[in-house]
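Values in this text are rule-based calculations from the coordinates and carry no lab data. Being a predicted model, the structure only gives us computed values, none of them experimental. Ideal geometry is used to build each Cβ from the backbone, glycine not excepted, and the neighbour counts take in all protein chains shown.
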Amino acid sequence: MTSLPEKPPLPLREDDRDTAVRRVQEAYAAGHLSHEEMDERLQRALTARTHGELWPVLASLPPESPGTTSLIAAAGGRIRRRGPWRVPRALKVESAYGRVHLDLSEAVIEHPVVDVELQLGTGKARITVPRDAVVDFDGLRTEWKDTRHKARPRSGPGGPTIRISGAMGFGRLTIRHARR
């Protein structure tokens, strides 16, 4: 019986190696590794040729934090995020015309403060925030209509602070708190 040939190991790309080096350095800076352990892991990361050789270097490191800034952009149409999605520390939303709906009520929010920058031409925008969130939209400039937001009284230890900034042309931003 003939056995199937084994898959060759996947070669590393330069950005995979750079990511591994950065993660090792961040773990050392955060106190998760000793100086000797950092040196050993950096040497192994820099000489690794395949993903299999790189895996032990990263195995016991803390999970990588999500990117600091994400961009959602569309020239027109609808931008919509809802359900269980991971919210970055800073989110920039750009749209020349169309509707924007960001629903943070079921989202995974790992940061105490989330900055949302809106750069919208025309069209409505609606942001649904978690029930216990604090909303600050003093940094938002609107050209045509005022923002609608009814602040909820604080009911206990706080949720995240959602800071909304940027500029809106012709349209209205409606901010509402989730009911549950």
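Things worth noting here:
- Approximate spin-label separation TYR97-PHE170, in nm, with each point projected 7 Å along Cα-to-Cβ: 0.8 nm
- Across the chain, C-alpha contacts under 8 Å between residues 6 or more apart give a mean separation that, scaled by the residue count, equals a relative contact order of 16 percent.
- Cβ crowding within 10 Å averaged over residues, with 121-133, 19-31 ranked highest first: 121-133, 19-31
- Förster-model FRET efficiency, 35 Å R0, GLU40 and GLU110, C-beta, rounded to 0.05: 0.70
- Among GLU36, GLU94, the ranking by other beta carbons within 10 Å of each residue's beta carbon, starting with the fewest, stands as GLU36, GLU94.
- Ranked MET38, MET168, criterion: other C-beta atoms within 10 Å, fewest first: MET38, MET168
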